[in-house]
Structure formats: C-alpha cells, structure tokens
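These notes are about the structure you will find just below.
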Amino acid sequence: MKNDKTQNTSTDNSPFGEARGTLDINAYLDQDEKKDLLRLLTAGSVDDGKSTLIGRLLFDSKKIYEDQLSALERDSKRVGHAGEEIDYALLLDGLKAEREQGITIDVAYRYFSTNKRKFIIADTPGHTQYTRNMVTGASTANLAIILIDATKGVITQTRRHTFLVSLLGIKHVVLAVNKMDLVNYDQKVFDEIVADYKSFITQLDVPDVNFIPIAALKGENVVEPTTLMPWYHGPSMLEFLESVHISSDRNFDDMRFPVQYVLRPDLDFRGFSARVASGIIRKGEKIMVLPSRKTSRIKEIITYDGNLDEAFPPQSVTITLEDEIDISRGDMIVYPDNLPRIERHFEANLVWMDEMPMDPNMQLFLKHANNTTRVKFDKIQYKVDVNTLQKSSIDHFELNEIGRVVLTTNKAIFFDPYKKNRSTGSFILIDPMTNNTVAVGMIIDKLSADDLPSKIVDDKTLEANKSRIHKGECLISDAQRQKRFNQNPATLWITGLHGSGKNELAFTLEKEMFDAGATVVLLDGSSIRSGLSNELDFSPTDRAEHLRRVAHISKLLNDQGIITICSFISPDENIRKQVIQIIGEDRFKLIHMDATMEFCKKNKPELYEKFEEGLIANLPGADLQFAAPENPTLMLKPENRATNTKTIMEYLADHKIFPIV
Amino acid sequence: MTEYSLSHLKELEAEAIHIIREVAAEFENPVMLYSIGKDSSVMVRLAEKAFYPGKVPFPLMHIDSKWKFKEMVEFRDNYARENNWNLIVHSNMAAFEAGVGPFTHGSKVHTDVMKTQALLEGLGKYKFDAAFGGARRDEEKSRAKERIFSFRDKFHQWDPKNQRPELWDIYNARVHKGESIRVFPISNWTELDIWQYVRLEKIPIVPLYFAKERPIVNVDGNLIMVDDERMPKEIAEKAEMKMVRFRTLGCYPLTGAVESEADTIEKIVEEMMTVTVSERTTRVIDFDQDGSMEQKKREGYF
Ligand SMILES: Nc1nc2c(ncn2[C@@H]2O[C@H](COP(=O)(O)OP(=O)(O)O)[C@@H](O)[C@H]2O)c(=O)[nH]1
Ligand SMILES: [Mg+2]
C-alpha cells in the first residue's frame, strides 16, 4: 500500500544516518554543510496542537537536548496541561508571562534539522488579535503548515490563516488535519475536511496546496509514515517538509540590486554592497542605475571568498563598475532592458501593526529596498474582514486590520508588484514621532493615470468625474470652422530618430503653411516637456504619459478646426497606437523622417556622445529600440531636404486638408 | 534552477552580512561586542566579510569582567593585534578595585556588577547607538522570540511587550537620541551551524574549547578550573587533573567544563550530536531561577 513513498531516509533520525556504526564525522559534516534551508510558518487556532506538533518535530529529530528534557519533566508536573504525558508545548512557550497564561503571544523561531534539510519554524499564535504576529512570521516563510482539529473541521480561523498566508505570498501550504486519533483515524472525516478546504482555497492565490492527516500527540504520521491510516498514501509531515521543492520560488528573472552600502575604503576603490534582491547579476553585463539612469558595466562581483562571475538572491556581494558613477544607498542597479516601476503613486495591501490607530493625515516614513522616503495616504480603497473576506469602506485602520490603500511617496521608489517580487514589492511604514513600525505593505502596482485617486487628479473619483462632464453645447459647427479656416483639421505627426531632421522639417512646414494662410500650431518635445510634462523623464512609462498628454492637446486643437504639427520621436508602435486612439484615425497623418543612424549622429552628435559616455540613457535608436512605422502616410528622407516640405504641402492639397479651395 | 541555490550556511552568512551592513549604513556609532567566544569569533569574521576589501568600519568592544580565563585574554590580545582590529577593552574598574568577584560576592552580584553594569558603562562612555551581540535564538528558550534588531530604551532596558515587528529583511533602525538597538546577526544560527562555520572558515578559537588535561575542582557538580591564585585555597586544594573542555567561555569560576576527549572540531561535533547536553547548562549563572535569562535581559544584560 505504501510503496509509493519515494524517500524514507527520515525514518532514521540519527544525525549520522545508517552509517552510525562506521561513523565518519568528516563525511557527515561535509554533507551537512550542503543542506539547504526551509523556513516555515505554523498557524492554527488555540489548542489545535501547534505546539505539540512542533515539539514532536523537534523532539523526534533529536534536537531536544537531554537536559532540556529533564527540565521539561519537572515543569510538566508543575504547570503542564497534558496530565502524565510530556507536554511538548512547554518546550516552546518561552516567556514567563505567556507560560502562565498558557498561550503563545509572539513569534517564536525554532530550529531543527534532519539529514536532508535545516528548518526554521516561525511559530505564531492564532487569535485575530495576533494577526500581526502571523503576518510577521509569514513574511520570511517559504511554506505554511495550517493546523486543523479533525473534530472541528475548517473553521473561521482556518480561513483567516489561509488568507494571510496567500496575502504574504507563501507558495506552499500544508493543511495538517490533527487529532485524527479522536475521530478513529477515519478517512471520511479527513476527506470531508479536504473537500471543504479546497472549495475555499480556490478563491485565493496559493499555487501548491497539500493535505496530511496526523495525530501530533501520538506522533502519528508526523515523522514516521502512518500505520493507523492505511488509506493515506502520501508522505508523513516530515517527509513532505524534507522533499518540497522551494529553490525555484525565488525570482531569478528581474535583476534588482538595491544598493545597501557604499564601500569606499580608499580613494581608488568604490564598491556597492547589497543583497541581490532578485534576478542574476553578471560580470560584464551592462547595467543602469536608478534614479540617475546612468549606465555602465559590472566590472567585478567581489566577495571575501573570491570574485564571482555571477550572483543570485539572496547572496550578499559587493560590485564595482567600469565607470565612475555617483551612486548612493537606496539607488537601484538594474539591467536597462528590464526596469522596475519608477513611481510615486502606487497601490498596496496594508496591515496595520500598531496599537495606535492610523491617522490618515499623518506623514510617515516608508522603508523599501534600502531606501527611506516620506509617504502619505491618498486613499483607503477598502478594508478586508480577515474572517469573511468581505470588503468594506473605512476611513482609518486599527491594529491588525488589513486593506488596500493608495500611497504617494516624496520621491519615486523602484518597485515590482509583490506578487512578482517579494523583495522589491514589500515595505514598512515608520511613525516619525514614536519610531515604531506602524504598518507593513505589499505593493499591488502603480496606478494608471486614469485611476489616480481624488487627491492627485483634483477631483472626487474618476467615476464622479465622468458623471460631471457634460458635452458642451457648442454653437459653432464644423462646417463653419472649415469655411473660416479653409482647412480640414488634421494632426501631422512627424516621427523619427533624434537628429533625423524632423524638427527642422516641422518648423519650415509651419512657416510655409502659415504663409499660405493655414491656421496651424506646432507642438514639439522641448515646448511640452519644459512645462506641461516637466515632471516626466525619458523612461518608456513616462514617455507614454508624455505623448498621451500631447495627443490630447492635439485633439482639442483639431476639434477647434486647427491643424497641428507634432514633432516627437514616438519610438514604438504601441505608443503611436495610443496616440491614434486619442486623436482619431481620420485626422492622424503619420510622417516618418527616415534617417540612418550615421546621419543622425553626424547631424546632432551631442546627445549621442553623452550617451556613449554613459551620461544619459533611454535614447531611442541607442539603448531604446526605435521601431520604424510600418505604414506611414508619408515617408521622407533627410537627404531630400529641399523638396520635403513641398511633398507634404502637395499631400495636404490633394487630400483637401489645406487649402480646401 | 538548482545551480542557483545556497546551502543553509551560505544563506545564513548572506543574511548576517546583510544585517551587519544595514547597521553600518543606518547608525552613526555602532560597536561589535566581542566576548572572545566562538560565536563572537564567527560574528567578527562575518563583519570582515561584509566590508571586504575594506576594513570593518566600527570598533569591537570586549567587556572584561577581570575574571576571564587567562587563555581567553591572551587569545584576544594576540588575535586583535594580528588582525589589526580596533579593539576597546572595558571593565568596571571602580568595582574591580573595590574587590568585587564571584568568590567574595557571589555569582549574582559579580555578574551584575562586572558584566551588566560594565557593559552599560562601556556603551555609555562611547555613546554607541547600536551594539552587535553574538546571541543565538536556539541558545535558550526566552531568546526564541528575540528580534534581530532589539530595541532598548534610554536605560538600555528591554521590554518584551514593546518590540518592533520585524518583517522580510527590512529592519527599522530609527531611534531617538539616547536610545539604542542591540543587533543579533547570527540569531538564526544553531550551535552546530557555528561549529560547521568555524571548521569551514578555519576561524581560530580559544584552545579552551578543546579537550586537554586541566586542573579541575568539582563544585556542586560543576567542573571548575583552577585558573589563577584568586580561587580560595580550600577549594583549589581539591583540584585534580582531568581531561575536559569548555562548551561556553566566561568567568572561570562561573563556567563549568565537561569531561571530554574531543580535541578537534570534528570530535566536538560528534560528541555534541551524541551526548546532547545543551550548552548553557554549563554556565553556572543560569542555575539561579526559572526564566533567569529573561530577567537579565530586562535589566540590560544580553
Ligand atoms: N488527542 C489529541 N490531542 C492532541 C493532539 N495534538 C495536541 N493535542 C492536545 O491538544 C491540546 C493543545 O495542544 P497545543 O499543542 O498546546 O495546541 P496549540 O494551542 O495549538 O499550541 C493539548 O492538550 C495537547 O495535548 C492529538 O493529535 N491528539
Ligand atoms: Mg501553543
């Protein structure tokens, strides 16, 4: 029946395994040194047997030293709740106060190891009033054991614990159905609980869920496989813990190196130390520093034990760069083709950890990825009832309450959604008065400009906004405008690389149209960026926002019958699509100034030189891709400078844009 | 993906280095408390690793109770000199000159005056705002809930009810003037991890850890070594040569030895895994009363 068990080594708990007789301690130590580490969380409501289970795991893995054991026998007689049997729970409840109350009131960390693995257990209490402790324990755990009393089944607490586990992004859950002895090791009871739990957990985001029936007090199916539940074919608790695969849970895709410490032992050496938060950092690779966006290459990855070619999370290393760049603590080193979000506004799940309730108007410190900045609350979207998962609106949080908020930081932070990246998606909030950690958060994502809340968009909510917008009763008709201006409005959108000559074209075109009697407005990068878009930079995200604004202006002008000339690099198809959507396909005329890279560099060398020196980044055609449009309305070459304006004027006339008559 | 996975020791090492750097970055005036024991030797090595190829940017401080084993002091001085450490040695000199010691004043008074008081005095004298300690959570029950950044008020007191939540690896390092933080970078290490690391890294440790014939008196079941002439004659007289080693090091009259043949790290580990007596029972100060370590911590001792 039980031959499907793949490994059975844990049944021998001697640290030396089978080889005890012919012990080679060196071989043992060499092997022990290579074990990996599993951090786990245990959750359950009071008296489900959590302490008993942990005590068993520790005891049976022979980590409970003999003298602790004899002290335990003494203590059991005095305050033990387990009658004549040894009360394993007493091993664990450390602080005096709680020993007297008989409950676990904080997060306690326990250590044990087997032949296969080292384990760190975060042991946390179960009441609602200890939500913050459980959240704390969960923050570092790879796996959670959620205990259920077989006589009680899935209860409110089970749901709460599971919700918290999924909120904190734990990928592996084991539902330990305990006290199976009290239900005669009955399969039906177990199956019902499993079905009940499954129907609930599908609402939540936990990729790996497992079910194990145990009787912790008897040690049944904890370490040794069960003999009393022949219907169960899975691994025992310890077998499972020893074999669950966790090394691929980390994010190895998005390289983030949040500079923790600048190492300057002397004037010749400048190292940047940090833990690799995610991704693989490689020697020789081209990097970008945020927020300066300066680029360089990794020269060395240094450790005390020798230089590395690559480093991965959670290694702590020091790197040096090819170029002298000013970098300080809190800056983030990334690859230029894989940037994190760089934002001041974002949405997050928040857990309130402080006795003092939240004051929504207070400014706090936000500590995130070795960076500390001031932060304020813009909006509380809702609170989640941890027991029912019901959402409700509130105006502040109290201790242990959880909900979704919008935050604005003083300076931009570099993050990824917590779901994708635990290290760059988590933060703590510190009260500057008390210095307490009052809340912790998990970033959901940035907010798109349309979703920015009231305080930022200067109006109630977007919904409210929309209902307040009335289409004006304009008294001038399109036909009247056509007649007045002798033109049909259009947006002449000129795209091309920096230095392609598109600005020069735009200005000569404007002059010629003006002289011919057209009503025309020219929009170009420098005029918009110096005012309307002055807080935006050249990253793909900000570029998109910048062009969104330009498109809206152009549309307004077109609506008034005016022709616009827009001269913007607009490097990729997505950005241009967004623009077309706003302006409308009919009015949008795309003119591509098709210049070679050599031409551009010769024509306008300054920016390209700066780029070569690593002083600027995100330069289309250089480190940012420029995708030439597939079907432009007109394709022009800078070499035809003398005739380009004429070509456009002819097109306008042919298509009755200007003049109509 | 398996190639991108660390062994538990390397993971613990990376965690400790991260913690040590965080303190150096966030505090103005940190210090690393160095007790000469194996745990603090590991901690110092981790600090050296954290700032390599630079030097450790903060001093080490040893609180010398004046009753340490002679071999400890010798080891400390040699090792500090060889490695060019910035080492401060601080003692409660007033009490020492007044003659405080374990034989005359008892273990409780001695520990309080020459260790706890001396530590507070040393921290105050140099106005340190953060102090690293080599304590581990698996050492003693009450430590299991200790934070890595453990907050202390103006009087260096630890309030178990008023500790900050500690999530992920984001540490709240903000303190008001006069307040401080004790930091435990090797919180998550076990005794076996320490021995493994000492072995792998070839970290020098005091020879007292290894079994040797030593002059030993049995005092109420504790094997106490006769280390100098301050031990009262009537006790010292009973000394016999015994093959012993020490599992923890402290004041010689307060630190019990264990009988052992283990004269290499490998043998120590072997002994540890088979004869399992937890290390702190060999330290006499713990016999006082239940929860005694918690009491001491509240008072400012580590
Ligand atoms: N019959 C039975 N009792 C158990 C089992 N596990 C734990 N208990 C008992 O349940 C009570 C609560 O256990 P404890 O471990 O303190 O629960 P905790 O509050 O979750 O830590 C104790 O009296 C245990 O002896 C089990 O498998 N079977
Ligand atoms: Mg308990």
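Structure notes:
- Filtered residue count, the stretch B:48-86, keeping only those that are within 18 Å of the chain's Cα centre (by Cα) and among the β-branched types (Val, Ile, Thr): 2
- Residue match in the stretch B:121-135 (condition: over 22 Å from B:Ile181 (Cα atoms), part of a helix (DSSP H, G or I) and not aliphatic (A, V, I, L, M)): no
- Odd one out for A:Pro213, checked against (1) surrounded by 21 or more Cβ atoms within 10 Å (Cβ to Cβ); (2) modelled with pLDDT under 95: (2)
- Yes/no for B:Phe96 being in contact (Cβ under 8 Å) with a residue 40 or more places away in the chain, in a helix (DSSP H, G or I) and more than 16 Å from B:Val183 (Cβ to Cβ): no
- Residue check for A:Ser296: more than 27 Å from A:Ile246 (Cα to Cα) and buried (at least 16 other Cβ atoms within 10 Å of the Cβ): yes
- Within the stretch B:141-162, residues that are facing chain A (nearest Cβ under 9 Å) sit with their Cβ atoms under 8 Å from residues that are surrounded by fewer than 21 Cβ atoms within 10 Å (Cβ to Cβ) and among the β-branched types (Val, Ile, Thr), at 6+ positions apart or across chains, in these pairs: B:Phe151/B:Val175.
- Search result, residues across the stretch B:88-138 that are closer than 25 Å to B:Phe27 by Cβ, within 14 Å of chain A (Cβ to nearest Cβ) and not aliphatic (A, V, I, L, M): B:Asp129, B:Arg136, B:Arg137
- Meets criteria (part of a loop (DSSP other than H, G, I, E, B) and either closer than 30 Å to A:Ala369 by Cβ or away from chain A (no Cβ under 12 Å) (or both)) for B:Pro253: no
- Residues that are farther than 22 Å from B:Asp39 by Cβ, within 14 Å of chain A (Cβ to nearest Cβ) and either in contact with a Gly (Cβ under 6 Å, 6 or more places away or on another chain) or assigned to a loop (DSSP other than H, G, I, E, B) (or both) are absent from the stretch B:189-211.
- The lone criterion from (1) away from ligand 2 (no atom under 16 Å from the Cβ); (2) closer than 21 Å to A:Leu389 by Cβ left unmet by A:Met134 is number (1).
- Flag if A:Asp323 is more than 17 Å from the chain's Cα centre (by Cα), more than 10 Å from chain B (Cβ to nearest Cβ), surrounded by fewer than 16 Cβ atoms within 10 Å (Cβ to Cβ) and in a loop (DSSP other than H, G, I, E, B): yes
- Across the stretch A:107-151, the number of residues qualifying as in a strand (DSSP E or B), more than 9 Å from every other protein chain (Cβ to nearest Cβ) and more than 23 Å from the chain's Cα centre (by Cα) comes to 8.
- Checked against the criterion of being more than 16 Å from ligand 2 (Cβ to nearest atom), buried (at least 24 other Cβ atoms within 10 Å of the Cβ) and not in a helix (DSSP H, G or I), the candidates A:Val154, A:Val173, A:Val165 yield just one match: A:Val173.
- Residue in the stretch A:231-242 that is away from ligand 1 (no atom under 16 Å from the Cβ), under 25 Å from the mean Cα position of the chain (by Cα) and either within 14 Å of chain B (Cβ to nearest Cβ) or at pLDDT 95 or above (or both) present: no
- The number of residues in the stretch A:518-545 being polar (S, T, N, Q) and either under 30 Å from A:Phe485 (Cα atoms) or modelled with pLDDT of 85 or more (or both) comes to 5.
- All positions within the stretch A:33-47 that are more than 9 Å from ligand 2 (Cβ to nearest atom) and touching a residue at least 40 places away in the same chain (Cβ under 8 Å): A:Lys35, A:Asp36, A:Leu37, A:Leu38, A:Arg39, A:Leu40, A:Leu41, A:Thr42, A:Ala43, A:Ser45
- Which numbered condition A:Ile394 fails, given (1) more than 10 Å from chain B (Cβ to nearest Cβ); (2) in contact with a Pro (Cβ under 8 Å, 6 or more places away or on another chain): (2)
The values are calculated or read from the model by the stated rules, or taken from the named source; none is laboratory data. Computed from a predicted structure; not experimentally measured. Heads up, the Cβs are rebuilt from the backbone with ideal geometry, glycines too, and the neighbour counts pull from every protein chain shown.
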